[in-house]
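Comments concern the structure below.
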Amino acid sequence: MENVPFFTNDTIVFGILMLCLGLVFYTLSIKTTFWKTFYKFVPAILLCYLLPSIFNSLGIISPEWKELDADGELIEKSSNVYFIASRYLLPASLVLMTLSIDLKSIFNLGPKALIMFLTGTFGIIIGGPIAILLISIISPETVGGAGFDAVWRGLSTLAGSWIGGSANQAAMLEIYEFNPNKYSGMVLVDIVVANLWMAILLIGIGKSKRIDKWLKADTSAIESLKQKVSSYADSITRNPSLADYIIMLSIAFTTVGIAHWGAEGISNLLADNFEVFNDKSSPLSTFKSKFFWMVTIATVIGILLSYTKAKQYEGAGASKLGSIFIYVLIATIGMKMDIGKIFENPGLIAIGLVWMTIHALLLIGVAKLIKAPYFFLAVGSQANVGGAASAPVVAAAFHPSLATVGVLLAVFGYVVGTYGAILCTILMQIASGS
């Protein structure tokens, strides 16, 4: 058996994750000098992310493992906790946090959000080949390989994942036909490096005011949107009744049902009637992704409801309820990171770290140049690297009303992901001398 965690029962795993969240928020509510100082330097959201990763690293819980079946054969098993959080709680949180959104104010944020997103995309495109060139100086064998074992082919899947998402990653695996037996090494780099970068972004959220001051950023549009939503919430705030909670949960999970139904219908419609969407090597295969359509439909429903009386449920705590779902998702994302695996394949991890560093430095440079707020930097990056599952998480950490910005950019990432990854791969092939 390989890496079998102490607890494999998802009910117990979920209990541990909720224990982590409970401990963080309980200590956050204690107004002693120690905890005030502690959370001044360590953001609560970062702990919600890191504590589950520590349980994973200690072998107490795990997102996936291998064990022997009744016939003595080694089979792969996995936890469904993240799947449930990303497929059920994420769309539920999106509609609840979008109820109070002012779409006009979102567009009034200006072009800097899109500029930072495209900067992040460009950073991934050029980061791959530059990382290969730099690592080849120190360790040529790390970036070598021939034929279908060529490292650049495997790294193409990282480019797909870090610009778009899992659908784009699968498309790149199909296009460049990297050796499937070595693909797990690339998945490891994806998980380790992307999660480390997300942890750094979460640390930055706690220091965003200081960072914005250094960037000389104009945050007035963001603050205006936050103030507008907060003022509206204050004007309609009421003590929520049982009926309020039932109705809010009804809105949320009815939307989840519609989103899944619509996503399945659209995905099947495209697959059944247009062969190009079934070709995994086609950039258009992304539109066959049910997750893509699920997130899109949930967001659109939330925006439509924001023009109805349903918007008034913000006064009963709709965005707070959505934030609870987001924090559960954060814990399940953190559970996927095993800190100990950083040292399993140091060569490939080094490529990933250099690659992500280039992405980060370019974002910081452009943010400084155009005086973009840290919010745009963090969300623009995560819309690329993390996709629709984590971009709204980072956006909502600034304010629940901003989650929609993360979703819109992440959906755009799915659209351009395969095209950007193909360009990146061509450059990586050249850098590898293949």
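Structure data summary
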{"item": "Accessible area of Val416 in the full protein assembly, 1.4 Å probe (Å², nearest 10)", "result": "40 Å²"}
{"item": "Surface/4 estimate of mean projected area, convex hull on alpha-carbon atoms of region 363-434, nm²", "result": "5.7 nm²"}
{"item": "Per principal axis, descending, Cα span of region 58-100 in whole Å", "result": "54, 24, 9"}
{"item": "Measure of compaction for region 1-57 (Cα Rg per 2.2 N^0.38 Å)", "result": "1.36"}
{"item": "Radius of gyration and maximum dimension Dmax of the chain, Cα, Å", "result": "21.6, 66"}
{"item": "Per-peptide average of other Cβ atoms within 10 Å, ordering 367-380, 239-252, 182-195 highest first", "result": "367-380, 182-195, 239-252"}
{"item": "Across Lys209/Lys336; Lys309/Lys371; Lys290/Lys341; Lys31/Lys320; Lys228/Lys368; Lys77/Lys290, pairs whose alpha-carbon gap is larger than 32 Å", "result": "Lys309/Lys371"}
{"item": "Rounded to whole Å, sorted largest first: equivalent-ellipsoid semi-axes of region 245-337, Cα gyration tensor", "result": "30, 18, 10"}
{"item": "In Å², nearest 10: area of Glu177 left accessible to a 1.4 Å probe", "result": "100 Å²"}
{"item": "Surface per residue (accessible, 1.4 Å probe) for the chain, Å²", "result": "45 Å²"}
{"item": "Solvent-accessible area, 1.4 Å probe, carbon plus sulfur percent, for the chain", "result": "65 percent"}
{"item": "Expected-Rg normalisation [2.2 N^0.38 Å, Cα atoms] applied to region 168-209", "result": "1.65"}
{"item": "C-alpha center-to-center spacing [region 43-113, region 171-246] in angstrom", "result": "12 Å"}
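The values are calculated or read from the model by the stated rules, or taken from the named source; none is laboratory data. Just so we're clear, the structure is a prediction, and the values are computed from it rather than from any experiment. Because the Cβ atoms are built from the backbone with ideal geometry, glycine has one as well, and the counts that use them run over all protein chains shown. Protein only, heavy atoms only, side chains kept; ligands, DNA and RNA dropped before computing areas. Shrake-Rupley method; radii C 1.70, N 1.55, O 1.52, S 1.80 Å.
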